[in-house]
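Engineer: Below is one structure. I have some questions about it.
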Amino acid sequence: MIDVQDLRFSWVKKAPPVLSVDQFNVGKGEHVFVQGPSGSGKTTLLSLLGGVVPPTSGKIVINDIEVSSLTGAKRDQFRVDEIGFIFQMFNLIPYLSPVQNVLLPCRFSDKRRHNAGASRSIKREAERLLSQLGLGAELNRRSSGALSVGQQQRVAAARALIGSPGLIIADEPTSALDADARVSFLQLLFEECDRTDATVLFVSHDAALAGQFARTVNLKEINQAGVAQ
Ligand SMILES: Nc1ncnc2c1ncn2[C@@H]1O[C@H](COP(=O)(O)OP(=O)(O)OP(=O)(O)O)[C@@H](O)[C@H]1O
Ligand SMILES: [Mg+2]
């Protein structure tokens with residue numbers, strides 16, 4: 001599902017790379033926990049995999065698509081078609097309802113809309129995902145900005161999952177939650193990912209979560225740039 005070769009990336013032209021990864025592979029359906037100290041390049045790696053920024057050199061293939069050779073607009077379409085992103089701050093649109101937020105990827109991706117609507121109306125699929133992730137239907141009458149952090153996290157996860165993207169990328173999405181809430185959130189997320197055989201790449205500082213994952217990757221070990229500059 002993820003195949004990275006000879007990846008080099010610098011944020012600033014001609015500066016030494018912050019990321020230098022010769023090889024990184026993740027198989028379809030794998031759940032991988034990505035660890036590493038602050039500044040080691042975790043968010044940068046996720047941005048490269050998601051086509052947010054192009055590599056300085058090297059090759060990134062996701063789901064048989066060579067992301068590293070796509071140009072700007074194609075990278076944006078690739079991202080919404082193939083990847084569900086969950087960000088630390090969730091990036092919900094505060095004045096939209098939970099269901100409206102969850103439906104956003106379907107507005108920008110025919111593929112996601114088609115997948116979401118395959119078995120039912122897409123609105124019912126958004127409601128199903130919110131309920132699967134533990135968000136009560138009564139909360140849908142509120143705007144997303146009026147939800148607690150844990151509730152917003154569930155909306156963000158449902159938005160990542162709608163339309164069954166092959167890859168779910170999560171960057172510190174549980175840091176605001178207590179330990180029990182983190183584990184139960186992960187279990188619900190995994191149940192849904194396993195239903196569609198989605199691959200999960202999950203970044204967190206919280207080493208205690210590693211036990212929930214089949215595989216842990218320490219960025220310090222795969223990143224020869226060694227950063228912390
Ligand atoms: N937009 C940017 N422009 C320039 N430099 C950046 C940018 N984003 C990150 N960096 C630099 O790239 C390096 C890696 O940062 P990154 O955000 O990937 O680390 P991280 O492992 O996600 O850290 P954290 O655990 O604190 O989130 C750091 O040296 C950081 O200062
Ligand atoms: Mg980060």
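Engineer: For segment 1-25, name all the residues that are within 15 Å of ligand 1 (Cβ to nearest atom) and farther than 14 Å from residue 68 by Cβ.
Structural biologist: Selection gives 10, 11, 12, 13, 14, 15, 16, 17, 18, 20.
Engineer: Between 61, 53, which is in contact with a helix residue (DSSP H, G or I) (Cβ under 9 Å, 6 or more places away or on another chain), touching a residue at least 40 places away in the same chain (Cβ under 8 Å) and within 10 Å of ligand 1 (Cβ to nearest atom)?
Structural biologist: Numbers: 61 fails: within 10 Å of ligand 1 (Cβ to nearest atom).
Just a single option satisfies the conditions, and that option is 53.
Engineer: If you scan segment 4-57, which residues turn out to be outside any strand (DSSP E or B), among the hydrophobic types (A, V, I, L, M, F, W, C) and either within 19 Å of residue 79 (Cα to Cα) or touching a strand residue (DSSP E or B) at 6+ places or on another chain (Cβ under 8 Å) (or both)?
Structural biologist: Within segment 4-57, 18, 45, 46, 48, 49, 52, 53 meet the criteria.
Okay, residues lined up against (1) under 11 Å from residue 160 (Cα atoms); (2) within 16 Å of ligand 2 (Cβ to nearest atom); (3) open to solvent by 80 Å² or more (accessible area, probe 1.4 Å):
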| residue | (1), (2), (3) |
| --- | --- |
| 90 | yes, yes, no |
| 98 | no, no, no |
| 101 | yes, no, no |
| 115 | no, no, no |
| 122 | no, no, no |
| 127 | no, no, no |
| 137 | no, no, yes |
| 143 | no, no, no |
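Engineer: Something else: Please go through segment 69-84 and pick out each residue that is crowded, with 21+ Cβ neighbours inside 10 Å and either of a type in the set (Lys, Arg) or over 22 Å from residue 158 (Cβ atoms) (or both).
Structural biologist: Within segment 69-84, 79 is the sole residue that qualifies.
Engineer: A further question follows. Identify the residue in segment 147-182 that is in contact (Cβ under 8 Å) with a residue 24 or more places away in the chain and surrounded by fewer than 16 Cβ atoms within 10 Å (Cβ to Cβ) and, among all such residues, is farthest from residue 218 (Cα to Cα).
Structural biologist: By that ranking, first place goes to 149.
Engineer: Ok, one more. What are the residues in segment 40-68 that are within 16 Å of ligand 2 (Cβ to nearest atom) and open to solvent by less than 50 Å² (accessible area, probe 1.4 Å), if any? It would help to see each step written out before you state the result.
Structural biologist: From segment 40-68, those within 16 Å of ligand 2 (Cβ to nearest atom) are 40-50, 52-53; that's our starting set.
Matches in segment 40-68: 40, 41, 42, 44, 45, 46, 47, 48, 49, 50, 53.
The values are calculated or read from the model by the stated rules, or taken from the named source; none is laboratory data. All values derive from a computational prediction rather than experimental measurement. With ideal geometry, Cβ positions are generated from the backbone for all residues, glycine too; neighbour counts draw on all protein chains shown. Heads up: the accessible areas ignore ligands, DNA and RNA and are worked out on the full protein's heavy atoms, side chains in. Shrake-Rupley method; radii C 1.70, N 1.55, O 1.52, S 1.80 Å.
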